[in-house]
Amino acid sequence: MKIEFTETQTTLLRELWHEPDEAARGQLLAMHPSEVNEAFTLLIHGLANEAGSDGNFSTAWAWMEISKLVVQYLNEPKLIANHLSQQGSLDFNRGMLHQALDAWERALPLYEPLGANEELAACLTNLGIGYHHTGALKRASEYLTRALEIYRQIGKPDGEIAALNVQAMVVFESGDSDTARQQLETALNLTHTHQDQKHEAQILGHLGVVYRHQSDPARAIEFLERALGLQHELEDQRGEASQWVNLGVVWRDLGETSRALESFKKALGKYQNLGDRRGEASVLSNLGIIYQAEGGYDQALSLYQQALDIDRDVGYRSGEASDLGSLALAYWELEQWDRVEEYLQSALVIHRELNDRRGIANDLTHFGLLARRQKRWDEAIQYLEAARAMHQQLGFRQGESGDWGNLGLVYRERGEWEKALEANEQALDIDRAIGYRLGEASELNRIANLWVERGEIERAIGLHTEALNIARHLVNRDLELRILASRAQAYRQAQAWSQAAVDYRVAAGLIEMVRGGFSDPRDKIAFTSNTRLIVFFQLVLLTARHLKQVIGAWEWVERAKARAFLDQLGSRLSIIPRGVQPEWVEREEQLSADLAVNEVALRTIQSEEERRRLLERVNFLKAENVKLLSSLETIDPDYVELRLGKPITFRQLLGLLRT
């Protein structure tokens, strides 16, 4: 439906935009009723939608105020429903899920007496989308099923395609990725039949997301690149940006961090060109995830804060909650627990305000992990059980699996080995049932670590190997690195030094390969986290101490230097373990230095009395050093082993790397 506006009406609308005063509104309402009709309200809604899509919500609400006056004047149920429907869409775009659902629920009974029509189907589709975002997957599916029936009844293929697209993603998040893929393929065929390229591109993108979940990164990239190409043809920059984000996530999964960064930065440029601040914030958050994973916490915090500032500025509450959660997890890595709890509480308040049950469940998971970190075991279990029950009720099986896995960690640290094994096996069963191979490999690795504790080394290594094969099939280098380090530890416990060395060498090669893909030195430094450096330290120690290959150990030291690990190893405090105070390590350094000076003096002094005095001093320093390291051993035995390793001690190793 379309209406041609006169020059006077166009001028009036411009005045309403610049100066929406009472007189101007009065002139609008004084128009002849035939001029202020449904077409007029649809135009106003279109202007509001355009402003909202660009993130200009203040402008959007100005148009909606005009719409409210018009529909009150006309007092027709259908127009009131249209107004509520548009209001819900704007609330949804702002991340105000509870308000959006409320508006759509109020519109629904106004549409229903009018019979099966496009507006009713669109309202049902919106409700399905809204409940999908809150995690209420069963309710979302009910609304979408009704919408599909109406679209098919009235012969509206574009609506059917749109509803089927969303329905497939609801099924996907319920854990049935095969059915979801089949539904998306059906929708894709409909787009070809009806030459609907816009929805075709969206569905190709969703198929890429599903294939990523099904551990088929090659097909995921294929479909995402097809979607990207089609959206480029359609000059749909927002769609292109979305696919660049999806590609970035796949590359991140694969451990191709440089490609992931490149994809996210392309998405960022698109969103900035469009003036889409919501999209910009989303990409900044994704970039933060990469830097955080690679140990670049300052960069991650800066990116999360930028995203938070933008989402607050545009009033996107759902994004604000997500950004607060990201900041909490970054401060987690820095062990600033007060800030972690502060940001998690703020995110939870927003999620409850929005009635975002999935968001609430995720917050409960994080509170459980925080309690676990602080050894408040009972609280941790309560939080994680509550989160697991909520994820189960929502039908979000991947979330449920994650909670089982975290419960396994709590029980393990609490010393309840059988419960830990049971929880991790529950997680493994769910991951296998939904085809989540990344989770499957992670749980196999955790279960293997449990068997190592029981001395079942052969069994553990078999599970590590199974997990490693999955990680390699997924081409997930970061996961492969973690599993190799775990299996090497199992070999060490069995005193199978050669096999352990092989795994550490492969892990070191992976680190070098991924790091070599960065062009920006800052990215290289961020990637060189302490967790990865431990691989090199363990390899040097094992090569020198157990394989008795001193020259080989020195070669690994030189190899680390050649790869510019100096940036991270330049400080003697570069790998202080959690719980160890810097002054303790300073004390150990001072004792070692004093000991070295006195040992040199002992070899040169001729006087027996002076030698006796120096010998007493040397023995005292050695005893003090052993006493200090013994106190550290309960916190981190591997750290102490590195500090005492022969023939290359931890101190000597750092000294070599500084030269």
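The values are calculated or read from the model by the stated rules, or taken from the named source; none is laboratory data. Model, not experiment: these values are computed from the prediction. Virtual Cβ from ideal backbone geometry, glycine too; neighbours counted across all protein chains shown. Quick note on the areas: whole protein, heavy atoms, side chains included, nothing else; ligands and nucleic acids left out. Shrake-Rupley method; radii C 1.70, N 1.55, O 1.52, S 1.80 Å.
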Residue check for residue 218: in contact (Cβ under 8 Å) with a residue 12 or more places away in the chain, assigned to a helix (DSSP H, G or I) and either in contact with a strand residue (DSSP E or B) (Cβ under 6 Å, 6 or more places away or on another chain) or small (Gly, Ala, Ser) (or both): no
Odd one out for residue 305, checked against (1) open to solvent by less than 60 Å² (accessible area, probe 1.4 Å); (2) assigned to a helix (DSSP H, G or I); (3) over 20 Å from residue 134 (Cα atoms): (1)
Subset of the range 145-191 (residues that are open to solvent by less than 20 Å² (accessible area, probe 1.4 Å), among the polar types (S, T, N, Q) and in contact with a Leu (Cβ under 8 Å, 6 or more places away or on another chain)): 165, 167
Could you pull out the residue among 475, 452 that is aliphatic (A, V, I, L, M), in contact (Cβ under 8 Å) with a residue 12 or more places away in the chain, outside any helix (DSSP H, G or I) and in contact with a helix residue (DSSP H, G or I) (Cβ under 8 Å, 6 or more places away or on another chain)? 475
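Okay, residues lined up against (1) surrounded by 22 or more Cβ atoms within 10 Å (Cβ to Cβ); (2) at pLDDT 90 or above:
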site	(1), (2)
232	no, yes
242	yes, yes
247	yes, yes
253	no, no
260	yes, yes
267	yes, yes
274	no, no
281	yes, yes
For the range 285-300, name all the residues that are touching a residue at least 40 places away in the same chain (Cβ under 8 Å), over 14 Å from residue 268 (Cβ atoms), open to solvent by less than 20 Å² (accessible area, probe 1.4 Å) and in a helix (DSSP H, G or I). none
Scanning for something farther than 22 Å from residue 375 by Cβ, crowded, with 24+ Cβ neighbours inside 10 Å and in contact with an Asp or Glu (Cβ under 8 Å, 6 or more places away or on another chain), does the range 324-346 turn up at least one residue? no
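Can you report the number of residues in the range 146-163 which are part of a helix (DSSP H, G or I), farther than 19 Å from residue 136 by Cβ and either in contact (Cβ under 8 Å) with a residue 24 or more places away in the chain or touching a strand residue (DSSP E or B) at 6+ places or on another chain (Cβ under 6 Å) (or both)? Reasoning before the result, please.
Step one: of the range 146-163, the residues part of a helix (DSSP H, G or I) are 146-154, 157-163.
Filter again for farther than 19 Å from residue 136 by Cβ, leaving 149-154, 157-162.
From what is left, the residues that are either in contact (Cβ under 8 Å) with a residue 24 or more places away in the chain or touching a strand residue (DSSP E or B) at 6+ places or on another chain (Cβ under 6 Å) (or both) are 150-151, 153-154, 157-162.
Residues in the range 146-163 being part of a helix (DSSP H, G or I), farther than 19 Å from residue 136 by Cβ and either in contact (Cβ under 8 Å) with a residue 24 or more places away in the chain or touching a strand residue (DSSP E or B) at 6+ places or on another chain (Cβ under 6 Å) (or both): 10 in total.
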Picking from 377, 332, which residue would you name as being among the aromatic types (Phe, Trp, Tyr) and either farther than 25 Å from residue 291 by Cα or free of Cβ contacts under 8 Å to residues at least 12 places away in the same chain (or both)? 377
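Only one of these is open to solvent by less than 20 Å² (accessible area, probe 1.4 Å), within 30 Å of residue 132 (Cβ to Cβ), in contact (Cβ under 8 Å) with a residue 12 or more places away in the chain and of a type outside the set (Phe, Trp, Tyr): 435, 399. Name it.
On the way: 435 fails: open to solvent by less than 20 Å² (accessible area, probe 1.4 Å).
399 is the lone residue from the list that is open to solvent by less than 20 Å² (accessible area, probe 1.4 Å), within 30 Å of residue 132 (Cβ to Cβ), in contact (Cβ under 8 Å) with a residue 12 or more places away in the chain and of a type outside the set (Phe, Trp, Tyr).
Within the range 433-449, how many residues are assigned to a helix (DSSP H, G or I) and in contact with a Gly (Cβ under 9 Å, 6 or more places away or on another chain)? Give the derivation first.
Restricting attention to the range 433-449, the residues satisfying the condition of being assigned to a helix (DSSP H, G or I) are 433, 437-449.
Next cut, in contact with a Gly (Cβ under 9 Å, 6 or more places away or on another chain) only: 433, 439, 442-443, 446-448.
Number of matching residues: 7.
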